[in-house]
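Encoded as structure tokens, the structure appears first; notes follow it.
Derivation of every value follows stated rules applied to the coordinates shown; laboratory data play no part. Fair warning: this is a prediction, and the values are worked out from it, not measured in the lab. Note that each Cβ is placed from the backbone with ideal geometry, even for glycine, and that neighbours are counted across all protein chains shown.
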Amino acid sequence: MARASRPVSRRQAWWLLATALAASAPLAPQVPLWLSITAGGIFALRAALTWRQWHLPPRWLMVLLVIAGTVGVFMQYRTIMGRTPGIALLVVFLALKLLELRVARDAVATALLCYFLVLGQFLFTQTIPTALMACLTLLVTTATLLAAADDRPSPQHQLRRAGLMLAQALPFMLLMFLLFPRVQGPLWGLPQDRFSAVSGLSDSMSPGSIAQLSQSDAIAFRVQFKGDVPPQSQLYWRGPVMSAFDGRTWRVTRKRGTYSEAPYAVAGAPVDYDLTLEPHGQFWMFALELPGTLPANSALTTDYQPIARQAVRNRVRYTQRAWPEAIAGATELPRILQESLVLPSGGNPRIRAIGAEWRAKLGDDSTAILAAAENFFLQQLLIYTLNPPLYGADMIDEFLFGSKRGFCEHFAAAFVYSLRAAGVPARVVAGYQGGEINPVDGYLVVRQYDAHAWTEAWIAGRGWVRVDPTAISAPGRINNNFAAAVPAGEALPFLARSDLAWLKELRNRLDAVTNGWNQWVLGYNPERQRDLLSSLGLKEPDWRSMTAVLSVLCGAVLLGLTAWILRNRLRVDPALAAWRRFTARLSKRGIEWRTWEGPLDFAERAAAHAPTHAVTIREIAGLYARLRYGPAPDESDLIRLRTKIAAFNP
Amino acid sequence: MRLPELEAILADINRIILGKERPIRLSLACLLARGHLLIEDLPGVGKTTLAHVLARVLGLDFQRIQFTSDMLPADILGISIFDRDSGAFHFHPGPIFTQVVLADEINRATPKAQSALLEAMEERQVTAEGKTRALPQPFFVIATQNPTHQIGTFPLPESQLDRFLLKIELGYPDPAAERELLAGADRQQMVANLNPRIDPKNLIELQDRTRAVHASAALIDYVQALAAHTRTSPKWQAGLSPRACLALLAVARAWALLDGRDHVLPEDVQSVLPGIVAHRLRPLEDTARTDADAVAAALIEAVPLP
């Protein structure tokens, strides 16, 4: 092929350099630093080679460089398989390929490699900026491919043409995205070397662990309610339930059973919602208390917490129903009640004494003990703060009777301790409380700083009852938000502050866009596809009918685009149509009309071939020439032309 | 219907310059299209006679400037000379202040002198010593140049060549015409005896009529298709410029008028195309002398009529 072996021009070399830079620069944070520097050096070398028009390095050197690059990547990762090593290797190859741009074939190969690297970016992040950046790179790469075919047009011209081509491809892309039969699970979920550092609740709670989260405004999950949004004070998002206490740290009990469906006595009205959980690397799936239905691939623990069968490493979306007024655990297993009474063997003598006192005075009446405990907490005048002092061995006593300053984990821990000391089963529940409605799209956004800890006490006849000791001392935390409850002057995450309204507004809008992207682009899974197709009238879509619809729609778009491009050619001049009939008739006589030949010239030639018809031929050609090229074409001339051609029979 | 005065003009010229109907028609078309003409040919084939006859039958003033390598712009444009009687400078107009200028052997002069002429051609006025003087109307330059491979020539750059609407060649006459020439009367005498067929006012009217010849959308499509082909095809170094397209359309209009039509046909465009591309398209392969007719034919046959 002559085209494939045409040498690469300087202009094409500049194009390819720009494309390689655009394709590999976004990957710089993913590959090791030495590789970024090496690739940058090679790009600079390539620029110098193009600028000075030096010779390309010899082939033996290129072979050595390829081996060196591969070995370097292998030394870095101890493998060349997998996501990051694979991408690193491709970056090496792309940079080196620039050094052996000799003929057009090399240019095309480089451009195709750049396309692949654009895809590679999505193995790391799938955010909107990544997608926009990828679109830009796609444009440059396509323009480069055009320049590889013909480098004479100006860069603006190439970019415009590439943009037009991509715009023409856009409808097909959308159709493919919406209709191509999807496989379960996101394409990007391949390797598991992500989530090395995600913040979120853990399965244990020690003083300060939740206060730490309160400094993060990362999003934990988003909720879309199907009906009215319940009041703020009812939004308890249940997370890990902790019963085991060693005097300092609360932990989830290891030996828990699971229910396959919720064992509650249902009461009151349910709350339905869709929850989109950000990946947090743990098993639990947050749900409004008390969770009624279960997400797919999950089970309900005996302490009423939905847990996934696999750690949540990808964004998941599930539909849930909550029963805020359900009665849970009216007939609780004795083993669980037993666990909920255990206290460490020593320590905290003052609260133990008070608990024993309630027990002695009130006996088995756990309702009265609970009321006494609540009353006690109220009278202690505890202070809710982000910066509690460090407590020593008897941390509960020090908190309740000493400095009285604590965050929600102190409140919950102290409350459960006091109830257990009085012989009432109780446990700590961690999770999130509240959230904020984004007015832009109506989603409730729950952020890390909404993390909270509260308690549950078991009352005979009523089952597990939620008590939030923080609400007793600092009702603002529950009724408003956590910023309102914290004393003025304490450091708050930016978004929790209420005085930066414009920033909040901006953030709300951005978040709504991100959420839409997550819900409809990244979260477009088989279920969403099925929903969309059934709402379009395609019942029970399977891959066959989807492929059929896809083919039909792609064909329709193709036809539409073709018609758009040909719209000028389709509008044939009637005189030209008549002329074509005339030339077709003459071509049967062996007189072919050459497409570049003017009508009068053709008439002379045809007349010479068929002298008997010379007069008619000249007349017809004259009429046609006047109709097609003359000023103000005359309708009667057209009729005469048609009549003459109809009667013309050489 | 063909215009009788144009037919008469052509007949007069053809009587004196024998066997050159096509170049003569093209040069008249060039004049009607308000352009300037470049003739590249060997000495002695009748360039001067053609210019002289044209001026004569059209009733125009005629001047001839012989370009030489020591020529200065003032030799063309004119010069101010101190008049001792009146005690002031008086401008003595150069030979360019006329209606038909024959610029003979233009590529013998230095670029400085060449550009003086070419600027006057473009602006149709002369600026000397701070004063701008309009050239007479109509104003028509016929420049001749020797084939550029001859010794002692300064080839005109492409941008200057583009200012000539058409470039034609006269060539040797065929034997029959040459025989008639040799046997016939003295050409100079014949020119001197010629009577003008029209006056300058009529000529300006004819130029206006040329401009009014209709070019339909289909025809403009064709001109664009031709230009587009020269711009994308790898055969040529550079394509036809928009100015070249305008020139093509203008000459084709004149050609149609000479044929007695009020609209342009593709045939008109094709007939004048060699004169348009001869000095504007340069094939990539053979950079030496190229035959304008062959270049135009290749272009015509590559572009179907829209």
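In this simple spin-label model, placing a label point 7 Å from the Cα along the Cα-to-Cβ direction at both A:Lys361 and B:Gln188 gives a separation of 14.6 nm. Normalised by residue number, the volume inside the convex hull of the Cα atoms of region B:213-306 is 83 Å³ per residue. From least to most packed, judged by other beta carbons within 10 angstrom and beginning with the fewest, B:Lys235, B:Lys20 follow the order B:Lys235, B:Lys20.
Taking Cα centre as origin and charging only the Cβ of basic (Lys, Arg, +1) and acidic (Asp, Glu, -1) residues, the dipole magnitude of the protein assembly as shown rounds to 1680 debye. Once backbone amide H atoms are built at 1.01 Å from N, A:Leu288 has A:Arg238 as its partners under 5 Å, excluding neighbours fewer than 5 places away on the same chain.
Enter the angle in degrees (range 0 to 90, nearest 10) between the Cα long axis of helix B:266-277 and the first principal axis of the Cα atoms of chain B, meaning the one along which they spread out most. Between helix and principal axis, roughly 50 degrees. If R0 is taken as 35 Å, the Cβ-Cβ distance between A:Lys588 and B:Ala218 corresponds to a FRET efficiency of 0.85. The helix-only estimate of mean residue ellipticity at 222 nm for chain A, built from DSSP H runs of length n ≥ 4 each weighted as -39500 (n - 2.57), is -15500 deg cm²/dmol after division by the residue total.
Have a look at the DSSP beta bridges in chain A and tell me what percent are antiparallel, nearest 5. Percent antiparallel among DSSP bridges in chain A is about 95.
Evaluating 6.51 cos²θ - 1.76 cosθ + 1.60 at θ = phi - 60° for every residue in region A:346-359, the Karplus couplings come out as x, x, 6, x, 5, 6, 4, 5, 5, x, 4, 5, 4, 4 Hz, glycine and proline recorded as x. Using Cβ point charges alone (K and R +1, D and E -1), the dipole size of region A:503-595 about the Cα centre works out to roughly 880 debye.
Distance from the alpha carbon centroid of region A:34-50 to that of region B:219-264 works out to 48 angstrom.
Summarising the label geometry, the points placed 7 Å from Cα in the beta-carbon direction at A:Phe401 and B:Glu21 lie 13.1 nm from one another.
Take each residue in B:261-269, count the other chain C-beta atoms within 10 Å of its C-beta, and the mean is 5.
Based on DSSP H segments of at least four residues, each scored -39500 (n - 2.57), chain B has a per-residue ellipticity at 222 nm of -14000 deg cm²/dmol.
Residue by residue, region B:39-48 carries 3J(HN,Hα) couplings of 10, 10, 6, 6, x, x, 9, x, 5, 5 Hz when phi is fed to the Karplus relation 6.51 cos²θ - 1.76 cosθ + 1.60 (θ = phi - 60°); x denotes Gly or Pro.
Look at the stretch A:159-167: the mean tally of other chain Cβ atoms within 10 Å of its residues' Cβ atoms is 0. Multiplying the residue separation of A:Thr547 and A:Tyr259 by 0.36 nm and removing their Cα-Cα distance gives an extension gain of 99.6 nm.
For region A:292-430, the Kirkwood estimate of hydrodynamic radius, built from reciprocal distances between every pair of different alpha carbons, is 17.4 Å.
The lysines within cross-link reach of A:Lys644, meaning a Cα-to-Cα straight distance under 28 Å and a gap of 8 or more places when in the same chain, are A:Lys588. Fully extending the segment from A:Leu333 to A:Trp51 would add 93.4 nm, taking 0.36 nm per residue of separation and subtracting the current Cα-Cα distance. Ordering A:Leu94, B:Leu257, B:Ala192 by Cα displacement along the dipole of the protein assembly as shown toward the positive end leaves A:Leu94 in first place; charges were set at the Cβ atoms of Lys, Arg (+1) and Asp, Glu (-1).
Remark: region A:107-118, residue by residue, has Karplus-estimated 3J(HN,Hα) of 4, 5, 4, 4, 4, 5, 4, 5, 4, 5, 5, 4 Hz, where x stands for each Gly or Pro and the curve is 6.51 cos²θ - 1.76 cosθ + 1.60 at θ = phi - 60°.
Summarise the long-distance tail of P(r) for the protein assembly as shown by giving the % of C-alpha pairs beyond 59 Å. Write out the running numbers ahead of the final one.
Values: 201586 of 456490 pairs.
That fraction is 44 percent.
How far is the Cα center of region B:126-181 from the Cα center of region A:295-341, in Å? Comparing the Cα centres of region B:126-181 and region A:295-341, I get a distance of 99 Å.
With q set to 0.11, 0.15, 0.20 Å⁻¹, the log10 of I(q)/I(0) for region A:573-647, from the Debye formula over equal scatterers at the Cα positions, is -0.23, -0.44, -0.79. Secondary structure note: in region B:1-211, about 40% of the DSSP beta bridges are antiparallel.
The calculated FRET efficiency for B:Leu42 paired with B:Arg124, based on their beta-carbon distance and R0 = 41 Å, is about 0.85. Placing unit charges on the Cβ atoms of the charged side chains and taking the dipole of region A:527-570 about its Cα centre, the candidate lying farthest along the positive direction among A:Gly555, A:Ser534, A:Ser545 is A:Gly555. When only the Cβ of Lys, Arg, Asp and Glu is charged (+1, +1, -1, -1), the dipole of region A:573-647 relative to its Cα centre reaches about 300 debye. Straight-distance candidates among the aspartates and glutamates for linking to B:Lys20, with alpha-carbon spacing under 14 Å and chain neighbours fewer than 8 residues away dropped: B:Asp12, B:Asp41, B:Glu169, B:Asp174, B:Glu178, B:Glu180. Of the options A:Gly476, B:Val303, B:Ala225, report the single residue whose Cα projects farthest towards the positive end of the charge dipole of the protein assembly as shown (beta-carbon charges: Lys, Arg +1; Asp, Glu -1). It is B:Val303, whose Cα lies furthest towards the positive end. Close amide-amide hydrogen proximity is noted between B:Leu135 and B:Gln125, B:Val126, each under 5 Å apart and 5 or more residues distant or on a separate chain (H modeled in the peptide plane; Pro and chain starts excluded). Cross-link partners for B:Lys112 among the lysines, with Cα-Cα distance under 28 Å and sequence neighbours closer than 8 places in the same chain left out: B:Lys47, B:Lys131, B:Lys167.
Between B:Ile204 and A:Gln156, the distance separating the two model label sites (each 7 Å from Cα on the Cα→Cβ line) works out to 4.0 nm.
For A:Ala220, nonlocal amide neighbours, meaning residues 5 or more places apart or on other chains whose placed amide H falls under 5 Å from its own, are A:Val446, A:Arg447, A:Gln448.
In units of the rule-of-thumb radius 2.2 N^0.38 Å, region B:1-211 shows an alpha carbon radius of gyration of 1.07.
Estimated from the Cβ-Cβ distance and a Förster radius of 22 angstrom, the FRET efficiency linking A:Asp531 and A:Met176 is about 0.75.
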